[in-house]
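Everything on this sheet refers to the single structure shown next.
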Amino acid sequence: MTPNAAPTDTEITALHEKLNREAEEGGYHLNPDLAFTRDLVRGLLVNTARYGYPSCPCRLASGNKSKDLDIICPCDYRDPDLIEHGACYCALYVSGAILAGTQKLRPVPERRPSPDQRKAVRQVRTASIGGLAYPVWRCRVCGYLCARKDPPEICPVCRATKERFERFI
């Protein structure tokens with residue numbers, strides 16, 4: 001796709017199928033509203049053509065990849081949003097409860113910090129390598145490690161649930 005061309009239905013279908021397969025393999029779910037989800041996939045394709053990376057279609061990207069790493073899909077905020085709200089900010093990814101219809105999809109507040117706050121966090125992380133900024137969680141089933149505020153709902157490697165994680169560091 002060229003920067004000024006609209007994505008074709010074939011391109012949208014191919015990316016949707018790829019994202020859905022990868023999501024399900026990793027224990028995640030795409031929004032079951034196909035028309036809505038295809039519009040988001042179209043936005044990912046447009047942003048990839050425009051910027052060279054698939055930034056979240058519901059956020060304003062800067063065009064500078066290093067400044068937008070946190071909003072490259074799947075964004076850094078997906079898992080906390082899924083845990084707290086049942087969907088990510090743009091609602092491309094949804095929880096099992098929303099997929100099953102036992103929880104309603106509601107608006108998700110923006111949790112991305114301002115540019116100044118993101119810069120300050122980067123500085124703190126760089127300065128605190130010895131004293132980690134986040135705890136490290138270990139999946140007791142497969143050994144997967146992740147550094148973040150809370151463990152993931154589902155291990156992306158073996159699909160063990162959140163309670164199978166232990167604080168490692």
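Things worth noting here:
- Residue-level check: of (1) touching a residue at least 60 places away in the same chain (Cβ under 8 Å); (2) on the phi < 0 side of the Ramachandran plot, residue 64 misses just (1).
- Filtered residues of the range 93-120 (kept if touching a Leu at 6+ places or on another chain (Cβ under 8 Å), more than 20 Å from residue 44 (Cα to Cα) and either modelled with pLDDT under 95 or not in a loop (DSSP other than H, G, I, E, B) (or both)): 98
- Annotation note: Cβ proximity below 9 Å between a residue of the range 85-97 that is more than 13 Å from residue 111 (Cα to Cα) and without any contact (Cβ under 8 Å) to a residue 12 or more places away in the chain and a residue that is of a type in the set (S, T, N, Q) and outside any strand (DSSP E or B) (sequence gap 6+ or interchain) occurs for 97/103.
- Members of the range 34-71 found to be of a type in the set (D, E, K, R) and in contact with a strand residue (DSSP E or B) (Cβ under 9 Å, 6 or more places away or on another chain), listed by number: 65, 68
For (1) in contact with an Asp or Glu (Cβ under 6 Å, 6 or more places away or on another chain); (2) surrounded by 13 or more Cβ atoms within 10 Å (Cβ to Cβ), each residue gets a yes or a no:
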position	(1), (2)
11	no, yes
17	no, no
37	no, yes
53	no, yes
59	no, yes
71	no, yes
76	yes, yes
93	no, yes
108	yes, yes
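- Qualifying positions in the range 65-79 - of a type in the set (Lys, Arg) and within 19 Å of residue 153 (Cα to Cα): 78
- Yes/no for residue 47 being surrounded by 14 or more Cβ atoms within 10 Å (Cβ to Cβ), at pLDDT 95 or above and in contact with a helix residue (DSSP H, G or I) (Cβ under 7 Å, 6 or more places away or on another chain): no
- Hits in the range 99-117 (condition: among the small types (Gly, Ala, Ser) and closer than 22 Å to residue 27 by Cβ): 100, 101
The values are calculated or read from the model by the stated rules, or taken from the named source; none is laboratory data. As the structure is a computational prediction, the values presented were derived from the model and not from experiment. Heads up, the Cβs are rebuilt from the backbone with ideal geometry, glycines too, and the neighbour counts pull from every protein chain shown.
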